[in-house]
Structures are given as structure tokens and as C-alpha cells.
Amino acid sequence: MSVHSLHAFLRPQALPTVFCPGCGNGLVAGAILRALARAQVDLKKAVFVAGIGCAAWIPSPHFLADSLHVAHGRAIPTALGIKLRRPELQVIVVGGDGDIAGIGGNHLLHAARRNADLLVIMVNNLVYAMTGGQVGPTTPHGLPTSTTPYGNPEYPLDVAGVVAAAGANYVARWTTAHLGPLEQSLLKALGQEGFRFVEVVSPCPARVGGRLAMAPVEAMKWLQAHSKPLGQAGPEEIALGEYVERTRPGLLRALQRVVHG
Amino acid sequence: MSSKVRRFWSGNIAVAEGALAAGVDFYAGYPITPSSEIMEHMARELPKRGGVFLQAEDEIAAIFMLIGASWADARAMTATSGPGFSLMQEGLGMAVMTETPLLVVDVMRVGPGTGQASKAAQGDLMQARWGRHGDQILPVFAPSSVQDCFELTVLAVNTAEKLRTPVVLLSDELLAHTWETVQVPAEVERVERRRPQGNEPPFGSPEPRLPPPMPRLGDGHALLVTGSTHDPWGMRQTSDAQTHRALVERLWQKIWLNRTELSRYEAVGVEEAEVGIVAYGSVGRSALAARKLLAGNVRVGVVVLKTVWPLPEEPIVALAEQARAILVPELSLGQLLWDVERIVAGRCPVLHFSKVGGGLPIYPEELAEKLREVAG
């Protein structure tokens, strides 16, 4: 029997996944694992931290590595606690837009400001999917959701832009229709220090696609058609690319400097 | 003979020094009075000793940093006061469910809301026990002197490690800013965390009194740590009733079955008591002083509780069987009162002496007057 090359990275008893047919999470999981394999990260020395939401389930329980599945929004401070105590571990946060930029928004902002030595991967499916498709901080203006049945009256947060402004060393945004550059960004981010943030816009066939009567394949086409490179994207489009790439010392080195000069 | 050194410390400094003596090497916190000196002391001391100090963006972040650090093998603590303690309940519940050792010090001030900032109170007793959603218990200790602040912090850190649980130390503003001489031993006990031997599950234990061993991140266990209901290996089981019941019962029993070992109190004059007092925290000091004021006139039995959850019931029962009545003084509208009424169970009348607001202590003189009245 042939086995997928990434099978060794997955926890057998967690398979098959519980993700909905057409969900982008599988594509994101694949990109993360391929980047880890290419970067030759020893999964025994990697820790995944996740909060609550569909994307949080990507690493926990699927990845065959240490993982902490904590309260909604609190993955980043948990991850920082680990990294500060065990700097040699590769600490990676995977979460959704509601988890990371909504309820965990304050932690995200300050982790970026501190340039905390973490890689945060935010899967942006535009809504709170696990709880039924409610409006979130990244929901496009006008989109109907289960709590904005007449369309979203508010405007979405440009999370990647905010994180770049807050002081992160590396920020990029892609979609699940742009897996090559996504994997490349993750690979690059794995090799850097400081705060690294990769946003992936991802389809939710159940909570967004379902409401819009948009089949998963149509959602992928929509992502392709509505994405433009950073600087060329209009306000209604998804801006793709690397927002920032800095080499400032990460929090760990900054703390070392303060104590040891 | 004595290898102890004398130090002149405030309650807050004694808490920080007790934590350092017990091996605390990770502190994350958010500023709030009347607890700030603990954080400032740790900010100075921890980096010098190879420990980690970080000021968090809020109390929620602070306690989750502790959870992460603890799984990365740190002895982790934070200190806060009422409003911050409320925010930390989320993380405390998570720490109970994931069996994460850590210490939260709550230096009580007047509430609810922002109350009267930094004025002493004892309104968080029930919150320390029951502040989380769901079925859970955790150990709560309450110092009554600056010496206690040191010793009970050591005990709290060791209890967290031994029982793999979050522990709360309930101080109050009066104690936090009282300066006293402390006898500091050259060395204190440090309970080492138990590591898994062979194929022991990280979230299951055949013996309910004993917590499961705690693996360390980065050791190749492919650990699953989750705040959701889980089986002994950490796999989420979010619909099976039996798995949930087995888990929460074990978490509860882990504390409850060790209650005698956790029990700390000071009982004075119980055997010949005409009247009794049950108190904790800074009020316990006033109770002992009131007893002295009445020496030769009224025989007063005093129980000062140092473990306030699970509660030592035996000394309260013993006092109730001897005394004509028991007085419960507290800086609250009545929380310890409920405990004492439940434990006394009609053996004698239980009277309340309540003072709230303004940060005023309960003075020994006013307690003595009340006791004289009760004694008749």
C-alpha cells in the first residue's frame, strides 16, 4: 500500500479528519507540513498551539507533535510562555480569524509589538464557522451571515496590515488558491526569528459557501479572481504578498541583551 | 542550632521571596495594586537568577503564559487583585482541566467592580473556590502573617507541583503592606514534578489520590493537551458522558482526598473555650490579639484558617462542641460565615462580625468587646 509522503507527520487515530468536504483546512495543513518537511524541522522539537475554532483543529489532534489546545483566543500567550521557557523549540500557532484577530486580537497586537519569537498562521475563512457562521472581524462588508442576515454593516480588519504595522518581522497573506507561494512563505518564516505572521484566506463551504450557494470549486475560483498582488488590490479585493520582512532581534534576544548586555 | 536568617519584609515581598525559595522561575503578570510589589520584586530578581519575567498585555495573557511555561517545565506564578483575578478565572479553569501546576496570588481589595482600589477586603473567598465555570475544585491557602506569606507560598508552589493543579494564595491588602520579621530557613522543600515512566498516560491515574505524571514539551511524547474533555491520552472526547464523569471526578478527588494533607490552621485555647472565633487572613491576627486582651476575663478559643479550600473542618467542630457561641469576623458581608454555619451545624450559635469598605482592619478591641458581650 502506498503511503502519502506526509503521513508520518499525522496522528493515525485522528484520521480521517472531521473537516467538511471542500474545507480549506486540509490544503493549509498540507502547506504547513510540506514547509516543515522542507525546513527539516524535527517534529519532536516543534510545539503547536491552538485556540478554539475549525482552524485550531488543524494541528490538534492531527499533527503527530506536541500540541496544546487551549481557550478561545489564548493560543498566542500560551505559545509565548512555552517559547520563553524553551527557546530551542519551534513554537507555531495555528488558528482562525475569530480566534486570532477577534477574541485574541489584543494578544496578536502585542506579540507583534514585542516581536515575540513565534510563527502564527491565521486561517481566514471570513466567519465564525464552528459556531454556525456568525459575522467576524474579517467578514467582508455586506456579506450575509447568521448574525448579519441583512448583510454585514461593518468593515473588515486588514489583519496582515495591522500586524505588519505593529512590528512583526515577517508578514504575508495568501489564499488556499495560492499554495505554492504560501508554502514558500511558511518555509521562509520558519527560518526567521521574531514574530512571523502568515494569513491564509480559505473557503468555508458550509458556512459561507452554503449561504451563498457557492460550490467549493466556485469558491476557489472566486479566491483566484478576487486576489491581486499587494499594492494593486482594490478595497474589495484580497491583497496578496509579503507585507513586511525585517531582521530586528526577536523578543528572546532582546531579553538576553537586557540582562547580559 | 538555627540555620534561619531574619528578614524584615512586607507581606508582598515575603510572597515573592517564598516563591523564589520554592524555585519559581517564571513570572508573567499585569500591574494592579495592592499586588504590584510582588511583580516588581520578581522583575528585579528573576532575570538575575536565570528565570523569566514578562509583563503581559492583560491578566488573561499572563495566566495563559503561565500555562504554556508550566508545560515547558517552568514553576510559574502570577499575582493580581480582584479585577485581575476575575480575568484570570478563564485560565484557572483551563489549568484545572489540563492539570497544569501554577500559582495565582490574589491580594484581595474591595470589590465588586473596581470597588475601592487597594483598600483591604476579604470578598474573594468564594470566587477563589468557585470562580470558574464547571465542576472543579482547587487548593486555596490564606496567610495570616508575613511569616505565613513566605511559608504558605512555598507550600502553594509545592502543592501545585505535587497535585498537578493550579493553586490560589489569598492574601489581602493589610497583610500585603504589613512589615514584619520573617524567619527564613536556609533551604526550603522543593517538590519535583513526577515524569512519566514507560507508558504512563499523561491524563489518567489508577489511584485517584495521585495525579498522573506530567510529561514535558519537546521530549517526543506527541502530547495532546486540551481544555476539552479528554481520555487518559489527551484525545478529545466531547460527547461521551462516562469519559467526562471519570475525568472531572478524578480531578475533584485528586484535591479532595488529599484535604487532610493540605489542611493548615492555628488553633489556640479550643479545649477550654467559653466563646470562639473562626477567622482567616489579616483578621486572624486581630482574633488572636483579642484573645490576649481578654486573658483572665473570658476564655476565648481561636481557629485561624490557613487552608481555606478544602476547609479544615475538625478544629471548627471541636470549637463548636466546646464554646457557647462562635464569632466569625471577616472583611466581607458574609462568606466564611456560610462555611462555619454549615460545619457547626447547630452545635452552637454562630455570630457574624462584618466590616466592609474603606480598608479598615477589624480591630482587636472591637472583637474583644463583642466577645465579652457574647460570653455574658
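The values are calculated or read from the model by the stated rules, or taken from the named source; none is laboratory data. The structure presented is a predicted model; accordingly, all values stated were derived computationally and were not measured. Cβ: placed from backbone, ideal geometry, glycine included. Neighbour counts: every protein chain shown.
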### Query
Tell me, which strands (runs of 3 or more DSSP E) wholly within segment B:128-246 include 3 or more residues that are of a type in the set (A, V, I, L, M) and either within 14 Å of another protein chain (Cβ to nearest Cβ) or touching a residue at least 12 places away in the same chain (Cβ under 8 Å) (or both)?
B:166-172
### Message
Can you find a residue that is assigned to a loop (DSSP other than H, G, I, E, B), surrounded by 18 or more Cβ atoms within 10 Å (Cβ to Cβ) and within 14 Å of chain A (Cβ to nearest Cβ) anywhere in segment B:253-265?
### Response
no
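Okay, residues lined up against (1) crowded, with 16+ Cβ neighbours inside 10 Å; (2) touching a Gly at 6+ places or on another chain (Cβ under 8 Å); (3) at pLDDT 95 or above:
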site: B:G123; (1), (2), (3): yes, yes, yes
site: B:M126; (1), (2), (3): no, no, yes
site: B:R132; (1), (2), (3): yes, yes, yes
site: B:S144; (1), (2), (3): yes, yes, yes
site: B:E151; (1), (2), (3): yes, yes, yes
site: B:R164; (1), (2), (3): yes, no, yes
site: B:V191; (1), (2), (3): yes, no, yes
### Query
Within segment B:17-33, can you find the residues that are over 18 Å from the mean Cα position of the chain (by Cα) and more than 14 Å from chain A (Cβ to nearest Cβ)?
B:P31, B:I32, B:T33
### Query
Quick check, is A:L84 over 30 Å from A:G132 (Cα atoms), crowded, with 24+ Cβ neighbours inside 10 Å, within 14 Å of chain B (Cβ to nearest Cβ) and aliphatic (A, V, I, L, M)?
yes
### Qualifying residue in segment A:67-75 (condition: assigned to a strand (DSSP E or B) and more than 10 Å from chain B (Cβ to nearest Cβ))
no
### Query
With respect to A:A29, is the statement that it is touching a His at 6+ places or on another chain (Cβ under 8 Å), more than 10 Å from chain B (Cβ to nearest Cβ) and under 26 Å from A:P205 (Cβ atoms) true?
yes
## Note on the structure
Of the residues in segment A:87-106, those that are facing another protein chain (nearest Cβ under 7 Å) and free of Cβ contacts under 8 Å to residues at least 40 places away in the same chain come to A:N106
### Lone qualifier among B:A79, B:A74 - being closer than 25 Å to B:R250 by Cβ and not in a helix (DSSP H, G or I)
B:A74
### Task
For segment B:79-101, enumerate the residues that are within 11 Å of another protein chain (Cβ to nearest Cβ) and either of a type in the set (V, I, T) or under 16 Å from A:A79 (Cα atoms) (or both).
B:G91, B:M94, B:A95, B:T98, B:T100
### Flag for A:Q13 being part of a loop (DSSP other than H, G, I, E, B), more than 20 Å from A:G102 (Cβ to Cβ) and polar (S, T, N, Q)
no
### Among the residues listed as B:E40, B:E45, the single one being among the charged types (D, E, K, R), part of a helix (DSSP H, G or I) and more than 14 Å from chain A (Cβ to nearest Cβ)
B:E40
### Task
Please report, ordered by residue number, the strands (runs of 3 or more DSSP E) entirely within segment A:170-261 with at least 1 residues that are of a type in the set (K, R) and within 16 Å of A:M122 (Cβ to Cβ).
A:170-175, A:196-201
